[in-house]
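Chemist: Sharing a structure with you now.
The values are calculated or read from the model by the stated rules, or taken from the named source; none is laboratory data. For clarity, every value in this text was computed on a predicted model and none was experimentally measured. Note that each Cβ is placed from the backbone with ideal geometry, even for glycine, and that neighbours are counted across all protein chains shown.
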């Protein structure tokens with residue numbers, strides 16, 4: 001059964017390499033066991049579509065709890081996402097204790113499982129990452145190729161500059177992406193449209209591989225604007241970088257550059 005397979009794979013794996021489907025369907029947790037955790041850490045779960053033998057499992061069907069040495073820890077739970085891939089954020093209501101082990105548990109279909117564990121450091125993190133911003137945007141359409149795991153679906157590639165943080169390691173930084181409304185306005189007080197990890201200096205939005213769930217749905221309009229922030233493990237966010245993306249006709253080549261950002265003011 002698919003649910004049993006998902007539960008067996010629950011853990012805190014790293015983002016899988018391209019065309020490696022070994023962890024497809026796995027709920028992933030940030031921070032991972034080697035990332036460390038500030039006392040004001042925010043736990044982030046990446047939730048792909050999950051099905052058991054009876055019905056699809058929505059993020060709302062997944063119970064998430066944080067536990068410490070004395071049992072359950074009070075935390076606020078936020079859920080968002082508009083594509084196949086969804087996100088759950090677990091924010092402790094009070095700073096965690098230093099040098100203490102905490103664990104995140106999920107209950108899917110009534111079956112409790114340990115998702116991952118972290119050991120806290122000795123301080124909170126209140127400094128936002130620095131982010132050089134988006135330097136280029138492209139809409140990519142690659143032909144279907146089982147050998148390369150390509151889907152044939154259009155997706156967005158954002159080329160980004162360096163992001164640095166004083167406490168969060170580079171592999172644990174995430175990039176939150178907001179889609180502007182039809183008038184081009186971006187409301188950063190709303191939940192992000194997608195959250196992605198960088199791969200070789202790029203952010204991929206959509207479904208570039210059959211081994212991934214779709215993280216972003218291209219809007220049905222010829223141009224759209226995206227705002228991007230680098231975010232650390234405590235939820236501190238960089239200044240936004242804004243890029244306008246034009247959707248070209250079906251490309252004849254492999255890839256076409258679309259636009260360069262003006263790194264607009266928020």
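Chemist: Taking residue 200 as the residue in question, decide whether it is farther than 19 Å from residue 220 by Cα and modelled with pLDDT under 95.
Modeler: Yes, satisfied.
Chemist: Just give me the residues in the range 217-266 being buried (at least 21 other Cβ atoms within 10 Å of the Cβ) and at pLDDT below 55, in sequence order.
Modeler: 261 - this is the single residue of the range 217-266 that is buried (at least 21 other Cβ atoms within 10 Å of the Cβ) and at pLDDT below 55.
Chemist: Something else now. Look at residue 107 and say whether it is touching a helix residue (DSSP H, G or I) at 6+ places or on another chain (Cβ under 8 Å), part of a strand (DSSP E or B) and at pLDDT below 95.
Modeler: Here the answer is no, as residue 107 does not meet what is asked.
Chemist: So which residues in the range 84-94 are surrounded by fewer than 16 Cβ atoms within 10 Å (Cβ to Cβ) and modelled with pLDDT under 95, if there are any at all?
Modeler: Matches in the range 84-94: 84 only.
Chemist: Before we move on, is residue 46 modelled with pLDDT under 95, surrounded by 13 or more Cβ atoms within 10 Å (Cβ to Cβ) and not in a loop (DSSP other than H, G, I, E, B)?
Modeler: Yes; evaluated as a whole, the condition is true for this residue.
Chemist: Name the single residue that is modelled with the lowest pLDDT among those in the range 50-81 being assigned to a loop (DSSP other than H, G, I, E, B) and surrounded by 14 or more Cβ atoms within 10 Å (Cβ to Cβ).
Modeler: Across the range 50-81, the extreme among qualifying residues is 52.
Chemist: Moving to a separate point now. Return yes or no: is residue 153 under 20 Å from the mean Cα position of the chain (by Cα), surrounded by fewer than 19 Cβ atoms within 10 Å (Cβ to Cβ), part of a loop (DSSP other than H, G, I, E, B) and in the same structural domain as residue 209 (by TED's automatic domain parsing)?
Modeler: Yes; evaluated as a whole, the condition is true for this residue.
Chemist: Of the residues 124, 97, which single one is modelled with pLDDT of 95 or more and not assigned by TED's automatic domain parsing to the domain that holds residue 32?
Modeler: 124
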